[in-house]
Amino acid sequence: MLSNSLFRELENLRREIDDAFRGVRPTAGLLSPDFLPGLGLANYPQVNLREDENAFHLEALVPGVEPADLDLSVMNRTLTLSGERRESEYKDASCHRNERGSGRFLRTIELPSEVENEAIKAEYRNGVLRVTLPKAESAKPRKITVKAS
């Protein structure tokens, strides 16, 4: 019989291989989008999603993006975050290094359960978007009383 530690090791190996080949396609080369700067590639913006008893809490790193350029929507159990980071103001200057991409981005995040769409709150401060998604009543844990007979 195989031990749980062996299964854990195999799962860790699978994750490492997936990470190593993420973004690699048979036609990938130096000019593929994975090797060009810009937004909308890979997983941008980076997010943390956690939950407590009553809500899911999402934090997204979107430095340099104006709050007016962010769009959030929730449909069923999918949150969509899209927006645009505008180009630098120095359009006529010579650029020696351009590591901060600009352009439109879109990220979809599958939520673990249904949320109360009307009660969602979003706040943007210091380049971090914080979204609170209250759980639907049907998704909250419910205590069931056991009666003695």
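The values are calculated or read from the model by the stated rules, or taken from the named source; none is laboratory data. The shown structure was predicted, so the numbers you read here are calculated from the model rather than taken from an experiment. Here the Cβ positions follow ideal geometry from the backbone for every residue, glycine too, while neighbour counts run over all protein chains shown. Please note that ligands, DNA and RNA were not included when accessible areas were found on the heavy atoms of the full protein model with its side chains. Shrake-Rupley method; radii C 1.70, N 1.55, O 1.52, S 1.80 Å.
Of these, Val131, Val74, which one is open to solvent by less than 40 Å² (accessible area, probe 1.4 Å) and under 18 Å from Glu53 (Cα atoms)?
Val131
What pairs come out if I take residues in segment 116-133 that are over 21 Å from Ala68 (Cβ atoms) and pair them with residues that are polar (S, T, N, Q) whose C-beta lies under 9 Å away, six or more apart or interchain?
Close Cβ pairs (under 9 Å, with a partner that is polar (S, T, N, Q)) amount to Ala119/Thr132; Leu133/Asn117.
I'm trying to understand the selection: among the residues of segment 85-115, which are under 20 Å from Asp71 (Cα atoms) and surrounded by fewer than 11 Cβ atoms within 10 Å (Cβ to Cβ)?
If the condition is that a residue be under 20 Å from Asp71 (Cα atoms) and surrounded by fewer than 11 Cβ atoms within 10 Å (Cβ to Cβ), then Glu110 is the only one that fits.
Output the residues belonging to segment 54-68 that are open to solvent by less than 40 Å² (accessible area, probe 1.4 Å) and assigned to a strand (DSSP E or B). Full working, then the answer.
Here is the first cut: in segment 54-68, the ones open to solvent by less than 40 Å² (accessible area, probe 1.4 Å) are 55-58, 60, 62, 65.
Result: Ala55, Phe56, His57, Leu58, Ala60.
Out of segment 1-29, which residues are under 18 Å from Asn43 (Cβ atoms), modelled with pLDDT of 65 or more and either open to solvent by 90 Å² or more (accessible area, probe 1.4 Å) or part of a loop (DSSP other than H, G, I, E, B) (or both)?
Arg15, Glu16, Asp19, Phe21, Arg22
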